[in-house]
Structures are given as structure tokens and as C-alpha cells.
Amino acid sequence: MKKYVYSFEEGKEEIQDLKKRVEILGGKGANLAEMSGMGVPVPPGFTISTEACHEFSKSKEYPEGMQDQVDEQLKKLEENMGKKLGDTEDPLLVSVRSGAAKSMPGMMDTVLNLGLNDVSVEGLSKKTENPRFAWDAYRRFIQMFGDVVMGVAHSKFEEVLEDIKNTKGVENDTELDTEDLKNVVERYKKVVKEAKGEDFPQEPKIQLQKSIEAVFGSWSNPRAIAYRRINEITGLLGTAVNVQTMVFGNMGDTSGTGVAFTRNPSTGESKIYGEFLMNAQGEDVVAGIRTPKPITELEQVMPDCYKQFIDIANNLEAHYKDMQDMEFTIQEGKLFFLQTRTGKRTATAAVKIAVDMVEENLIDKETAVMRVEPNALDQLLHPTLDLIAKEKATILAKGLPASPGAAVGQVVFSAEDADKEAKEGKDVILVRIETSPEDIEGMHAAKGILTARGGMTSHAAVVARGMGKCCVAGCGDIKINEKEKIFAVDDITVKEGDYISLDGSTGEVIQGELPTKDPKLAGNFETLMEWADSLRTLNIRTNADTPKDASTAIKFGAEGIGLCRTEHMFFEGERIKAVREMILSEELEGRKKALDKLLPYQKEDFVGLFKAMGERPVTIRLLDPPLHEFLPQEEKDIQEISEDMNVPVEKLKQKISDLHEFNPMLGHRGCRLGISYPEITEMQAKAICQAAKETGAIPEIMIPLVGNVKEFEDQKAVVKKACEDILADKPYKIGTMIEVPRGALTADEIAEHADFFSFGTNDLTQMTCGFSRDDAGKFLKEYQEKGIYEKDPFQALDQDGVGQLVKMAAEKGKKVKPDLKLGICGEHGGEPSSIEFCHKVGLSYVSCSPFRIPIARLAAAQAAISSR
């Protein structure tokens with residue numbers, strides 16, 4: 001019979017391959033098995049596999065044999081601990097936790113203190129000689145089980161607790177005595193009965209079965225699905241379930257609980273970082289219910305435990321050779337580790353840790369390059385608050401610097417509002433008393449997050465760091481009224497829609513909308529990029545239309561321009577008039593006259609680009625969009641242009657009507673336009689060649705939208721004549737964009753005449769999939785949710801479909817012309833999985849927007865390492 005349940009000891013013994021172990025037992029289960037084997041003090045327990053979750057998700061029933069295996073492992077655990085689940089004298093209590101193969105902090109469910117009922121709570125009270133602790137554990141269990149398993153709103157329990165505290169006149173849970181907690185338990189049970197029409201379950205094995213089912217079910221809850229979508233986590237079977245003996249941090253002043261990292265997850269500093277609370281359970285720390293103390297203060301409170309903790313933490317980092325995120329509990333002076341995992345970190349921290357670990361001889365350069373998620377570098381490439389403006393601004397409050405960077409936006413007080421406002425194009429700051437996993441969509445939409453409660457390891461902090469969002473947590477000075485949608489600091493009130501600025505590096509909350517400054521990249525970042533550059537084989541170019549964009553790209557390491565869109569230059573100042581004059585001219589002579597006005601503008605544009613790029617290659621695409629895009633559509637604009645150009649309104653409207661196309665993306669554009677109006681191609685070719693002659697550049701002229709070799713030959717002849725007339729014997733290159741499927745299918749014919757191919761994967765995706773780029777957004781999200789496409793094919797290359805055309809065209813082209821240069825210049829040129837594909841199929845370069853250059857450099861290096 002298939003094995004679904006493994007004790008922590010069996011996990012390591014029976015599944016030797018670490019990757020397979022993580023797939024089957026999940027990250028948490030695999031690490032608990034590993035720690036058990038290392039002799040780390042881990043409370044005993046067992047793991048139910050991700051395969052069981054997968055089967056349960058399909059049928060909503062346990063797979064055959066699983067219940068028997070759970071019963072068998074529970075029996076072994078009871079024998080090991082000398083306790084029984086639900087025992088009246090000395091009850092065994094367990095936790096039931098999720099744990100997928102990839103970390104999803106806070107997104108799935110947990111149940112603690114399972115095994116308590118009206119009878120066993122008395123047994124726990126007698127055995128521990130601590131009645132207050134026993135009843136506190138029972139009220140926590142009812143609340144958690146009621147919420148997670150039975151679906152009773154968390155707020156219903158909170159209302160009862162607040163009412164009892166208010167009646168007694170106390171502020172903290174810890175100030176309630178045994179009798180108070182007994183009262184809480186009775187009222188909690190009434191909440192369950194009223195909400196669900198049934199009593200709180202007293203049979204521990206029923207509690208365990210229902211909790212396992214709830215954790216399995218939480219794999220498919222909306223926040224877990226959203227987290228996987230946002231973080232592009234795919235291909236997993238489900239979550240494992242870890243059933244583990246409870247240890248208690250809330251048994252008095254010699255007990256406590258905490259979360260810690262072996263290095264600072266915000267900055268990467270090689271120093272223990274974390275928080276703890278005495279006389280508390282784990283959820284008190286991560287949920288931000290109480291603001292905890294820095295981990296270093298544990299040395300004064302419990303020096304022996306602190307020393308043991310540091311020793312084990314250092315051993316775990318050395319063992320895993322990466323920064324660890326650990327949860328621990330101290331029960332009456334004895335330390336237990338509940339889990340370790342690779343710690344989530346900001347991009348700043350990821351880069352520093354990777355470089356430091358090479359210098360510490362823990363890892364090699366290749367491992368360091370593989371450690372940093374390319375897309376995470378995006379965090380380093382965005383602005384910070386302007387310091388001069390900040391000095392003059394009003395600092396409203398200061399919280400904990402939970403995730404670095406800067407965020408400026410309008411205040412909103414709910415995740416739903418954040419999501420809604422962001423979709424309308426507004427920059428928003430999500431302000432909450434504390435965040436919960438349900439807020440995931442709003443956190444993703446917001447520019448920054450501000451919470452009144454919670455520490456550096458609270459939900460808000462951990463999720464924000466994982467997303468690269470600026471976050472200020474535990475800002476107790478702000479008094480939030482989520483109902484009224486305001487927060488106050490002293491005598492200042494901030495309303496929904498007001499602007500605030502956050503400095504995630506200092507924890508400061510600033511009134512108003514502050515300007516930001518571009519980042520400066522140096523030190524560890526440059527070191528990592530140098531290592532990446534030494535390992536990659538793909539060249540990295542940029543998409544740039546102006547000298548400013550080109551200069552920015554060079555700063556980020558661009559090795560050339562892979563795409564200059566000439567049409568963007570046509571909209572400026574006097575040029576648009578000349579373009580419109582050319583469009584409205586009925587005769588060739590009139591069009592040439594208008595184009596002659598454009599030529600000097602175009603030439604200066606290209607001179608600027610060539611000078612900015614120095615000796616680096618520059619690929620310039622000839623006019624691509626249809627002509628109607630240069631004419632107005634609104635009545636008011638038509639009237640204005642009619643007067644400005646002295647053209648009758650009716651003539652203008654007639655021309656707009658003549659140029660109208662039902663599907664302009666498949667219409668009269670690109671090389672088709674050049675074939676109808678060769679004078680446009682001629683003017684652009686002359687401007688490029690004159691600029692190249694003046695600057696000494698070697699131009700690469702790209703003819704767009706070629707689907708038939710004869711189209712290319714037609715346009716190449718026009719370009720070649722201009723090159724020969726102006727450049728004489730100086731070198732130049734003429735190539736094409738492969739963006740029409742027929743162009744890919746006949747790439748061998750085109751390659752005989754072309755010096756290079758550049759894959760325009762935006763249009764190639766559109767035409768291959770039959771999706772309109774402008775309309776597909778309405779349904780592609782649903783396609784992703786239903787698993788039809790793993791990712792949006794306009795964001796990540798559809799390797800099984802569009803990718804096969806790229807591969808075929810590359811092979812066909814190289815067969816005819818082995819030295820054919822091949823590049824990609826769609827949006828996919830800066831997307832890591834697409835870059836890896838480009839490396840595999842033998843492209844020469846990728847081209848992307850300036851701010852994605854470092855991402856492309858790192859992704860190209862990772863592709864080279866992975867392909868070895």
C-alpha cells in the first residue's frame with residue numbers, strides 16, 4: 001500500500017533525495033526530518049504527504065490507507081511521549097500545520113493545542129499544576145479550531161475576549177486569571193453553538209481528522225491561490241500536514257516563543273535577527289497581536305537558552321548553506337525548534353548574503369548567482385525618498401522598518417479598496433491595524449504597507465519583504481479607525497485619500513507626497529553583476545528610443561540597443577505636423593515634400609542615439625504602426641488640426657475614414673506600409689545612414705512584419721540603395737523582425753537575404769495564439785486560474801507554442817547562414833523564464849527595457865549555469 005504518513009525520523013531515512021523529500025513532505029516536513037536527524041531538539045511528530053493532499057483535493061476523501069497510517073503514527077507518538085490524546089490525567093496535545101514544497105508564509109491554516117476538551121483541560125491543569133495555563137490553552141484552541149475548521153468568524157471570539165477584558169478593566173490577555181479564562185471558554189463554546197448550530201467537538205480524534213481536512217482544504221483557499229498566482233508558484237501537488245507534539249511558550253515566566261533569522265532579512269547583515277515574547281504562543285508573535293522584543297534581549301532573560309539557540313542557529317545555517325528563518329519555543333526553560341526554512345529576504349539582503357557567503361567560503365560564485373531571484377532585483381532599481389525634501393517634511397510617526405525602500409501614495413484602509421484604487425491607476429498605501437493573510441491581494445496592489453501592530457516578523461513584514469514592498473510595521477503612535485477610514489497622530493488626522501510617504505528603511509511615516517530619487521547601484525550589486533556577466537553567454541541589449549533611455553540602460557549594463565522604435569519620434573512638436581501633411585498628401589510629390597521636413601529631425605534623433613551608445617550596436621526598426629495612429633479621433637482634435645493645417649474638416653474626416661481598419665494590428669503596417677509608400681522607407685534609411693556617417697556608427701536597420709521573403713527583398717532594395725549612396729563602402733546591416741508566423745515558417749528563405757533576425761514576440765504571440773493584445777487581458781486571468789495557460793503569454797513566452805516557432809526559425813536561419821545574429825526584442829526579453837528559453841535555443845542576445853537590464857543579466861547567467 002502506498003505510504004502517505006511518515007514520522008520525522010522516517011522522512012529522512014526513507015526519502016534520501018532532498019528534492020524528492022521536499023516534494024513529498026513539503027518544505028516544513030522535510031526540514032523537520034532533517035533537523036531530527038541532526039539532533040536538534042524538535043518536538044516529535046509525523047508528516048502527511050503532499051500526495052495525500054492531492055488525492056483529497058480531487059475526491060474530498062482521504063486516500064485509501066491514509067487513516068490507518070495516521071492512527072498508527074499517532075499510536076507511536078503516544079508511546080514515545082508517554083501521553084495519550086484526550087487523556088484525563090496527562091493529555092497529549094498536538095499542533096496541525098501546513099507546509100508546501102515552496103514556502104507560503106501565513107497563507108494556509110494551522111491549529112494549535114489540539115486534544116483539549118472539557119475533561120482533558122482538567123488533566124492538563126493538574127499535571128502542570130498551572131490551571132491558568134491549561135484554560136488559556138483551551139480558549140486558544142476553541143478560537144483557532146472554531147475559526148479555521150468550523151468557519152466561525154475570528155471577530156466573534158475577539159468581541160467576547162474584549163468584552164471580558166473591558167469588564168475586568170484590563171488591557172492584556174495575560175492579566176486575565178483562571179476564572180476569567182473559564183468564563184472565556186464557556187462563552188466561546190456558545191459562540192460556536194450559535195454560529196454553527198452544533199456543539200464544539202469533544203472527541204480528540206474527530207478534532208484531529210477535521211483539522212487535517214481543514215489544512216488540506218486551505219491549499220485551495222482564495223489567499224493561497226492568490227499568493228501562488230502573485231509569486232508564480234506552479235506545479236505543486238498540494239500542502240503536506242505536520243502533526244507535532246505541542247510545546248508551550250505560555251506556561252509562565254520561564255516559557256516563551258519567537259521567530260528569528262540567522263541574518264537580517266531586510267539588509268542582509270550577518271547578525272542574528274528576530275523577536276520573542278515570554279509567556280506567549282507562536283501566533284502571538286507572527287500575528288502581531290503583541291509587539292515582541294528583539295531576540296538579543298533573550299540573552300538577559302534566559303542566557304543558557306540564548307546560547308543554545310545561537311549555537312543551533314549557526315549550525316543550521318552552516319548545514320543548509322543559506323540564511324535560515326526559524327521558529328522556536330521555550331517550555332519551562334527547555335528550548336525546542338519548531339521549524340527552519342530558507343528565509344524570505346529583500347533584494348538588498350539577497351545580494352549581500354550571496355556575496356558575503358562567497359567571501360565566507362560557504363558557497364561558490366555560481367551558487368551565489370543562482371541564489372538571487374532575478375525579478376527581485378526590480379526592488380533595487382526603483383526610487384528612494386528624496387532626503388532634502390524629507391528633512392523639511394512632517395514626520396508623523398515612527399514604526400519598525402519592516403521592509404526597506406520608499407512608498408508614496410494615497411491612504412486606504414482595506415485590502416479591497418487598495419485593489420480597486422490600484423486598478424484605477426492610483427498609487428495607494430494600505431493602512432491596517434494589523435494585516436492578515438486575507439489582505440494578500442490588497443498588499444500586492446499597494447505601493448506600501450503601514451500597520452499599527454506587529455513586529456519585524458509579523459505577517460505584514462514577512463509578506464511585504466517577499467513582495468519587495470516597502471513596509472512600516474508596529475507603528476503604535478498612529479491610532480487607526482478603520483470604520484471611519486481615518487488615522488490620527490496626536491492632533492493630526494489623516495483621512496482616506498490623503499497622501500503619505502513611507503520610508504521602509506527607517507520606519508518613518510511622513511505627511512504628504514514626497515519626491516523620490518533614482519537608486520545608485522554599487523558594492524555588492526556590482527560584484528554579483530560582474531560574476532553574472534562572467535558566466536552568461538547571451539548578450540543583453542535594451543529597447544530605447546531616446547538618448548536618455550540609452551544612457552540609463554548603459555548605466556545598468558546594456559551592451560547595445562536591440563530595438564529603437566522610430567514611430568515614437570514622430571509625435572514630438574513640429575514633426576507630427578509633417579507626418580500628418582505626408583498622410584494627407586494625395587500625390588507622391590506632396591508626400592516627399594513632407595518627408596523632407598521630417599528627415600533632419602529623424603537624423604538628429606539617430607545621431608543622439610549613436611553618440612549615447614558609442615561603439616555599441618544599435619538596431620533601428622523602420623516605421624511599424626498603421627498611419628491612422630497619427631491622425632486624431634476626437635471631434636475637438638479634428639477641428640484643431642483642421643484649422644492648424646488649413647485642411648477642410650470634411651477632407652480630414654474622409655482620410656480618417658479611408659484609413660480605418662477593422663483589425664489594424666493585422667492591417668496596413670510595417671513593411672506593408674513601406675511597400676505601398678517606399679518614400680517613407682527611403683526617408684528613414686537616409687536619416688539613419690546620414691547619422692551613421694556623421695558618428696561612425698555601424699547601423700543595423702530592421703524591416704518589420706515580414707512574412708514573405710519577397711516583402712523583405714522589396715524593402716531591402718530601398719534601404720540598400722540609401723546605404724550605398726551615403727555610406728559607400730562603410731559597413732551596415734539589414735535584417736528583419738520575425739513576428740509573423742509565416743516569417744518563422746519560411747525563415748530559411750528570408751535568412752538568405754537578411755543579416756540578422758530579431759524576434760518580435762509581442763506580435764508573434766498575438767498572431768500565433770490568435771489573441772488581441774489589447775483585449776486578451778479580459779479573459780487571460782481566468783485562463784491562468786483554470787490552468788489553460790500557466791502564465792500570461794504576453795508576459796512570459798509561451799514556450800510550447802510561440803517558442804516552437806522561435807526555435808524553428810532560429811534553426812532554419814542558422815542552417816542557411818551559420819553566423820546569423822539572432823535576438824529577441826518583445827516584452828519577453830526581460831522575463832527570466834523567457835530568457836532561459838532564448839539561451840537554450842541559441843539566440844545571440846535579448847533586448848528589454850532599461851530598468852530590466854540587471855534582471856536580464858542575472859537571468860542569462862542562471863540560464864547558462866542551469867544548462868551545464
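If you go through segment 436-444 one residue at a time, do you hit one that is of a type outside the set (Asp, Glu), part of a loop (DSSP other than H, G, I, E, B) and touching a strand residue (DSSP E or B) at 6+ places or on another chain (Cβ under 6 Å)? So far as segment 436-444 goes, no, none of its residues is of a type outside the set (Asp, Glu), part of a loop (DSSP other than H, G, I, E, B) and touching a strand residue (DSSP E or B) at 6+ places or on another chain (Cβ under 6 Å). Just a yes or no: is a residue in segment 795-806 polar (S, T, N, Q) and either touching a residue at least 60 places away in the same chain (Cβ under 8 Å) or open to solvent by less than 10 Å² (accessible area, probe 1.4 Å) (or both)? No - not one qualifying residue is present in segment 795-806. Scanning segment 328-381 for residues that are among the hydroxyl-bearing types (Ser, Thr, Tyr) and within 30 Å of MET278 (Cα to Cα) yields a total of 4. Taking ALA389, is it in a helix (DSSP H, G or I), at pLDDT below 95 and open to solvent by 10 Å² or more (accessible area, probe 1.4 Å)? Yes, satisfied. Of all the residues in segment 39-68, those that are part of a loop (DSSP other than H, G, I, E, B), within 32 Å of the chain's Cα centre (by Cα) and at pLDDT below 95 number 1. Screening ILE698 on (1) among the β-branched types (Val, Ile, Thr); (2) out of contact with any helix residue (DSSP H, G or I) (no Cβ under 6 Å at 6 or more places or on another chain); (3) within 18 Å of LEU623 (Cα to Cα) shows it passes everything except condition (3).
Looking at the structure I just gave you, is VAL152 buried (at least 17 other Cβ atoms within 10 Å of the Cβ), part of a loop (DSSP other than H, G, I, E, B) and either in contact (Cβ under 8 Å) with a residue 40 or more places away in the chain or not aliphatic (A, V, I, L, M) (or both)? Answer is yes for this residue. Of the strands (runs of 3 or more DSSP E) lying entirely inside segment 520-632, those carrying at least 3 residues that are open to solvent by less than 60 Å² (accessible area, probe 1.4 Å) and under 15 Å from ILE688 (Cα atoms) are 561-565, 618-621.
Residues are listed down the side, and each one gets a yes or a no for (1) under 22 Å from the mean Cα position of the chain (by Cα); (2) part of a loop (DSSP other than H, G, I, E, B); (3) buried (at least 20 other Cβ atoms within 10 Å of the Cβ); (4) without any contact (Cβ under 8 Å) to a residue 24 or more places away in the chain:
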{"position": "ASP325", "(1), (2), (3), (4)": "yes, no, yes, no"}
{"position": "ILE330", "(1), (2), (3), (4)": "no, no, yes, no"}
{"position": "LEU338", "(1), (2), (3), (4)": "no, no, yes, no"}
{"position": "LYS344", "(1), (2), (3), (4)": "yes, yes, yes, no"}
{"position": "THR348", "(1), (2), (3), (4)": "yes, no, yes, no"}
{"position": "VAL351", "(1), (2), (3), (4)": "yes, no, yes, no"}
{"position": "MET357", "(1), (2), (3), (4)": "no, no, yes, no"}
{"position": "LEU362", "(1), (2), (3), (4)": "no, yes, no, no"}
{"position": "THR367", "(1), (2), (3), (4)": "yes, no, no, no"}
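Does at least one position in segment 169-178 carry a residue that is in a loop (DSSP other than H, G, I, E, B), surrounded by 15 or more Cβ atoms within 10 Å (Cβ to Cβ) and at pLDDT 95 or above? No, the conditions are met nowhere in segment 169-178. Select from segment 90-135 the residues that are modelled with pLDDT under 90 and outside any loop (DSSP other than H, G, I, E, B) and write down the one among them that is most open to solvent (accessible area, probe 1.4 Å). The residue in question is LYS127. Criterion applied to GLY823, GLY842, GLY829 was being open to solvent by less than 10 Å² (accessible area, probe 1.4 Å), within 20 Å of GLU559 (Cβ to Cβ) and either of a type in the set (Phe, Trp, Tyr) or not in a helix (DSSP H, G or I) (or both), and the one residue passing it is GLY823. Does segment 694-710 include one or more residues that are within 24 Å of ALA594 (Cβ to Cβ) and either open to solvent by 20 Å² or more (accessible area, probe 1.4 Å) or in a helix (DSSP H, G or I) (or both)? Yes, segment 694-710 contains a residue that is within 24 Å of ALA594 (Cβ to Cβ) and either open to solvent by 20 Å² or more (accessible area, probe 1.4 Å) or in a helix (DSSP H, G or I) (or both). Of all residues in segment 206-221, none satisfies the criterion of being without any contact (Cβ under 8 Å) to a residue 12 or more places away in the chain and under 21 Å from the mean Cα position of the chain (by Cα). Per this entry, ARG21 is counted among residues that are among the charged types (D, E, K, R), open to solvent by less than 20 Å² (accessible area, probe 1.4 Å) and under 30 Å from ALA461 (Cα atoms).
The values are calculated or read from the model by the stated rules, or taken from the named source; none is laboratory data. All values derive from a computational prediction rather than experimental measurement. Because the Cβ atoms are built from the backbone with ideal geometry, glycine has one as well, and the counts that use them run over all protein chains shown. The area values use the complete protein model at the heavy-atom level, side chains included, leaving out ligands, DNA and RNA. Shrake-Rupley method; radii C 1.70, N 1.55, O 1.52, S 1.80 Å.
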